[in-house]
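Asks: Sharing a structure below in structure tokens format, with a few things to ask.
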Amino acid sequence: MDDGISSESPGEAKKGRPKSATKAKESVLKQKSPAEFFAENKNIAGFDNPGKCLYTTVRELVENSLDSAESISELPVIEVTIEEIGKSKFNSMIGLIDRERVDEELYEDFESAKAREKRLAKEARFHEIQAKNASLGKKVKEAPATKGIKGRGEASFFKVTCKDNGKGMPHDDIPNMFGRVLSGTKYGLKQTRGKFGLGAKMALIWSKMSTGLPIEISSSMMGQNYISFCRLDIDIHRNIPHIHIHEKRDNKEHWHGAEIQVVIEGNWTTYRSKILHYMRQMAVITPYAQFLFKFLSDAPDKNVTIRFARRTDMMPPVPLETKHHPSAVDLLLIKRLITETSKQNLLQFLQHEFVNIGKAYAERLIGEMGPEFSPKMSVKSLTSQQIVRIHQLFRQAKFDDPSGDCLSPAGEYNLRLGIMKELHPDMVATYSGSPQVFEGHPFIVEAGISLGGKDVKQGLNIFRFANRIPLLFEQGADVVTRTAMKRINWSSYKINQTQDKIGVFVSIVSTKIPFKGTGKEYIGDDISEIVSAVKASLKQCCTQLKSKIMKRIQAREQQERKRNLKRYLPDAVGAIHGVLREMANLQKSKKRRYEGEEAEVLQKVSTHAITKEILQEKLAKYVEQVDYEMALEYAMQSGVSKGPRETIYIQPLEAHHNFIDFHGSSCVFRLIL
């Protein structure tokens, strides 16, 4: 029976099918883990090249240590060590035996016989020309340095160690805290130092990519009698930790904190100045912390040891986690809050999940949403259309601005101390602005301007901070740089923008820093609220400095007048005394008569009761009095007040006393009991 089905066997059908008819292989849908994504796009997290990787690793470890110490109100003590690792030592660390080259032509730095002959001939011609110039008395140039070819295999490796006295980490949480990307404790809405929440995880990923060596963590929490030690790396494709060792060790010294050690490829030569500049700026913005930085090398002349001492024990308060402002949320965030909330109805949800929505205002909002909404309706039953309606109303309704109570600025007192400690300026002025708001997020701008100081170049030296961390890259596009260079008329404040050594310090803290660029290295110039706040803060500092500069100008002019008067004082005294003696002689010879005070003065001149020396002394006192009165009148006209000065005795930090602190805008007065 013919049913329309071919009688060919499967084998024959396959054999007779042309190759062009073979079905194309279907594409397979793949999924990347977060760790794999950041490994392939490491520049997003600041790991652009080996030098930047070394810098970013140090920065991430230091900022984690500061957060850890501040979370338990402990004055931070942080030690950072970068140890240069030679090729032989690195090979021994990974269990690789050094081998001599067998086939030289395989290597990039191989120089063929022809190339060597050409190089030697060029050097010979150069020396011949220099000898001829020397014989003719012409200037002789130095021989150019021979450029060696650095092969890709000649990488530089460094062991980075960071130790602190912070909170430490729970024993069981350590593997996930370091070996699982996008898991951590900083994902609430609050002011944080981090930019991506990656912390040391990105350093571990870079270590995995460049050296293959694991990271080592030692940690102990306050009161624990053991130290948690963990050696691990990360499974990048699965985004899970790969644990080598995880054990508890004796804590005989009762130490608490964390010590992290990672070996990475880096470049100290090109990023040395950036790393040291970062440490110095961190010492400025955190004068209550003590830093010890070391760079260790096999060559002793390359070793570096710098200690940034603590200047104060006044720490800023710990930033507080806050709720979202209605004007700063999007649809995804509203849906997530609905999923995570423990509140049952819509009225409770609006009251407790957002700031600045009280019960009465929440009822008004629900009434405005439409008849399908009610205060008692279940928040979990909201449809997508209803959530969109809530979002639209949030964008259109009027809400009170969020307060800045959740923020933790460095403080005007700490900023001033930090500038004085690290720069030693001739003058310094600081200002801390009141909390302001952009796009529903509170922010505070603090500013400082210094004149003079050590290691400060002529012109504007700009120091930028965001949530109390230094920003060192992409300075030209930053709001602080543009404001300082284009929006401040320095000459109107008696400051020379090109000749004076000007330090400009601006610190911005917020629950959301509006970074620009993939690396989040600068704050944009497009948010008018931040631009206005930065400009106003800098102008306040300039106004303070102008007052001090005017006092200095006044004192300098006063000294100049004194010098000029003292220079002509002997001649003036001699002339006056000569005139008085001539008048006294006329009085004595009765050629002319004087009466009253004039006769009395001439009598004293005749009897040598008034001598040239006495006259000079009296005239000098009179000049001093007149000069002081002129200076005081000038100060009053210039609006400069000369307040009283009192001696202040500052107690050393090591002393232990009972005391009460009274906080002012620019100082802290401590009353010792």
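Asks: Pull up segment 230-240, narrow it to residues that are open to solvent by 20 Å² or more (accessible area, probe 1.4 Å) and out of contact with any strand residue (DSSP E or B) (no Cβ under 7 Å at 6 or more places or on another chain), then point me to the one that is nearest to S68 (Cα to Cα). Talk me through it step by step, then tell me what you get.
Replies: Quick first cut of segment 230-240, residues open to solvent by 20 Å² or more (accessible area, probe 1.4 Å) only: 231, 235-238, 240.
Now narrow it down to the ones that are out of contact with any strand residue (DSSP E or B) (no Cβ under 7 Å at 6 or more places or on another chain): 236-238, 240.
Numbers: I236: 26, H237: 29, R238: 28, I240: 24 Å.
In this case the residue turns out to be I240.
Asks: Out of all the residues in segment 434-441, is one or more open to solvent by 40 Å² or more (accessible area, probe 1.4 Å) and among the hydroxyl-bearing types (S, T, Y)?
Replies: Restricting attention to segment 434-441, the residues satisfying the condition of being open to solvent by 40 Å² or more (accessible area, probe 1.4 Å) are 434-436, 439.
Those still in the list that are among the hydroxyl-bearing types (S, T, Y) too: 434.
Looking for residues that are open to solvent by 40 Å² or more (accessible area, probe 1.4 Å) and among the hydroxyl-bearing types (S, T, Y), one finds at least one in segment 434-441, hence yes.
Asks: Out of the residues in segment 313-363 that are open to solvent by 80 Å² or more (accessible area, probe 1.4 Å), of a type outside the set (D, E) and part of a loop (DSSP other than H, G, I, E, B), which is nearest to D400 (Cα to Cα)?
Replies: Filtering first and then ranking leaves K323.
Asks: Let me ask something additional. Taking the options R272, R280, name whichever one is free of Cβ contacts under 8 Å to residues at least 40 places away in the same chain and either closer than 22 Å to V445 by Cα or open to solvent by 50 Å² or more (accessible area, probe 1.4 Å) (or both).
Replies: Working: R280 fails: free of Cβ contacts under 8 Å to residues at least 40 places away in the same chain.
Of the residues listed, the single one that is free of Cβ contacts under 8 Å to residues at least 40 places away in the same chain and either closer than 22 Å to V445 by Cα or open to solvent by 50 Å² or more (accessible area, probe 1.4 Å) (or both) is R272.
Asks: Then there is this: Does at least one position in segment 471-482 carry a residue that is polar (S, T, N, Q), under 14 Å from the mean Cα position of the chain (by Cα) and surrounded by fewer than 16 Cβ atoms within 10 Å (Cβ to Cβ)?
Replies: Yes, some residue in segment 471-482 is polar (S, T, N, Q), under 14 Å from the mean Cα position of the chain (by Cα) and surrounded by fewer than 16 Cβ atoms within 10 Å (Cβ to Cβ).
Asks: Within segment 236-250, how many residues turn out to be touching a residue at least 40 places away in the same chain (Cβ under 8 Å) and either of a type in the set (G, A, S) or under 20 Å from V181 (Cα atoms) (or both)?
Replies: First, the residues of segment 236-250 that are touching a residue at least 40 places away in the same chain (Cβ under 8 Å): 236-243, 246, 248.
Then drop every residue that is not either of a type in the set (G, A, S) or under 20 Å from V181 (Cα atoms) (or both), which leaves 236-243, 246.
Counting residues in segment 236-250 that are touching a residue at least 40 places away in the same chain (Cβ under 8 Å) and either of a type in the set (G, A, S) or under 20 Å from V181 (Cα atoms) (or both) gives 9.
Asks: If you don't mind, another one. Residue by residue through segment 510-538, note down the ones that are open to solvent by 80 Å² or more (accessible area, probe 1.4 Å) and either part of a helix (DSSP H, G or I) or polar (S, T, N, Q) (or both). Before you say what the answer is, go through the steps one by one.
Replies: Of segment 510-538, the ones open to solvent by 80 Å² or more (accessible area, probe 1.4 Å) are 512, 518, 526.
Passing the criteria: only T518.
Asks: Would you mention how many residues in segment 102-124 are open to solvent by less than 100 Å² (accessible area, probe 1.4 Å) and either assigned to a loop (DSSP other than H, G, I, E, B) or closer than 30 Å to T211 by Cα (or both)?
Replies: Initial filter on segment 102-124 (open to solvent by less than 100 Å² (accessible area, probe 1.4 Å)): 103-104, 107-113, 115, 119-121, 123-124.
Among the residues that remain, those that are also either assigned to a loop (DSSP other than H, G, I, E, B) or closer than 30 Å to T211 by Cα (or both) are: 103-104, 107-112.
Residues in segment 102-124 being open to solvent by less than 100 Å² (accessible area, probe 1.4 Å) and either assigned to a loop (DSSP other than H, G, I, E, B) or closer than 30 Å to T211 by Cα (or both): 8 in total.
Asks: Continuing with this model, one more query. Identify all residues within segment 74-101 that are within 30 Å of A299 (Cα to Cα), in a loop (DSSP other than H, G, I, E, B) and either open to solvent by less than 60 Å² (accessible area, probe 1.4 Å) or not small (G, A, S) (or both); write none if there are none.
Replies: If we filter segment 74-101 for residues that are within 30 Å of A299 (Cα to Cα), which is where we start, we get 77-101.
Those left that are additionally in a loop (DSSP other than H, G, I, E, B): 86, 94-101.
Passing the criteria: G86, I94, L96, I97, D98, R99, E100, R101.
Asks: Would a scan of segment 576-592 turn up a residue that is under 60 Å from the mean Cα position of the chain (by Cα) and among the hydroxyl-bearing types (S, T, Y)?
Replies: Taking segment 576-592 first, the residues under 60 Å from the mean Cα position of the chain (by Cα) are none.
No; the residues of segment 576-592 include none that is under 60 Å from the mean Cα position of the chain (by Cα) and among the hydroxyl-bearing types (S, T, Y).
Asks: Only one residue in I243, I215, I227 is open to solvent by less than 20 Å² (accessible area, probe 1.4 Å), at pLDDT 90 or above and more than 22 Å from the chain's Cα centre (by Cα). Which one?
Replies: That would be I215, the only listed residue that is open to solvent by less than 20 Å² (accessible area, probe 1.4 Å), at pLDDT 90 or above and more than 22 Å from the chain's Cα centre (by Cα).
Asks: Quick check on my filter: what residues within segment 450-470 are in contact with a Phe, Trp or Tyr (Cβ under 8 Å, 6 or more places away or on another chain) and more than 13 Å from V284 (Cβ to Cβ)?
Replies: A466
Asks: Got a sec? Which of P287, P300 is crowded, with 16+ Cβ neighbours inside 10 Å and either farther than 15 Å from T161 by Cβ or among the β-branched types (V, I, T) (or both)? Before the answer, list the steps.
Replies: Numbers: P300 fails: crowded, with 16+ Cβ neighbours inside 10 Å.
Being crowded, with 16+ Cβ neighbours inside 10 Å and either farther than 15 Å from T161 by Cβ or among the β-branched types (V, I, T) (or both) holds for just one of P287, P300, which is P287.
Asks: Looking only at segment 251-262, how many residues end up being more than 21 Å from S73 (Cβ to Cβ) and surrounded by 23 or more Cβ atoms within 10 Å (Cβ to Cβ)?
Replies: The total comes to 2.
Asks: If you take the residues of segment 485-502 that are outside any loop (DSSP other than H, G, I, E, B) and hydroxyl-bearing (S, T, Y), which of them is farthest from S547 (Cα to Cα)? Steps first, answer last, please.
Replies: Just the residues of segment 485-502 that are outside any loop (DSSP other than H, G, I, E, B), to begin with: 485-487, 490-493, 501-502.
Checking which are hydroxyl-bearing (S, T, Y) leaves us with 491-493.
Numbers: S491: 14, S492: 12, Y493: 9 Å.
So the residue we want is S491.
Asks: If you don't mind, another one. Do we find a residue being more than 30 Å from R280 (Cα to Cα), open to solvent by 10 Å² or more (accessible area, probe 1.4 Å) and among the aliphatic types (A, V, I, L, M) anywhere in segment 373-384? Spell out the reasoning first.
Replies: So the first thing to find is which residues in segment 373-384 are more than 30 Å from R280 (Cα to Cα), and the list is 373-384.
Next, from what is left, pick out any that are open to solvent by 10 Å² or more (accessible area, probe 1.4 Å): 373-378, 380-384.
Subsequent filtering for residues that are among the aliphatic types (A, V, I, L, M) retains 377, 382.
For segment 373-384, residues more than 30 Å from R280 (Cα to Cα), open to solvent by 10 Å² or more (accessible area, probe 1.4 Å) and among the aliphatic types (A, V, I, L, M): present.
Asks: Tell me which residues, restricted to segment 303-312, are open to solvent by less than 30 Å² (accessible area, probe 1.4 Å) and hydrophobic (A, V, I, L, M, F, W, C).
Replies: Of the residues in segment 303-312, the ones open to solvent by less than 30 Å² (accessible area, probe 1.4 Å) are 304, 308, 312.
Within segment 303-312, V304, F308 qualify.
Asks: So, one more: All but one of (1) part of a strand (DSSP E or B); (2) over 17 Å from F157 (Cα atoms) hold for I260, so report the exception by its number.
Replies: Condition (2) is where I260 drops out.
Asks: Can I ask one more? Answer yes or no as to whether E253 is of a type outside the set (A, V, I, L, M, F, W, C) and either within 21 Å of P175 (Cβ to Cβ) or touching a residue at least 12 places away in the same chain (Cβ under 8 Å) (or both). Let's see the steps before the verdict.
Replies: Details: of a type outside the set (A, V, I, L, M, F, W, C): yes; either within 21 Å of P175 (Cβ to Cβ) or touching a residue at least 12 places away in the same chain (Cβ under 8 Å) (or both): no.
No, not satisfied.
The values are calculated or read from the model by the stated rules, or taken from the named source; none is laboratory data. Computed from a prediction, not measured in an experiment: that's the story for all the values here. We place every Cβ from the backbone using ideal geometry, glycine too, and count neighbours over all the protein chains shown. These area figures cover heavy atoms from the full protein model, side chains too; ligands, DNA and RNA do not enter into them. Shrake-Rupley method; radii C 1.70, N 1.55, O 1.52, S 1.80 Å.
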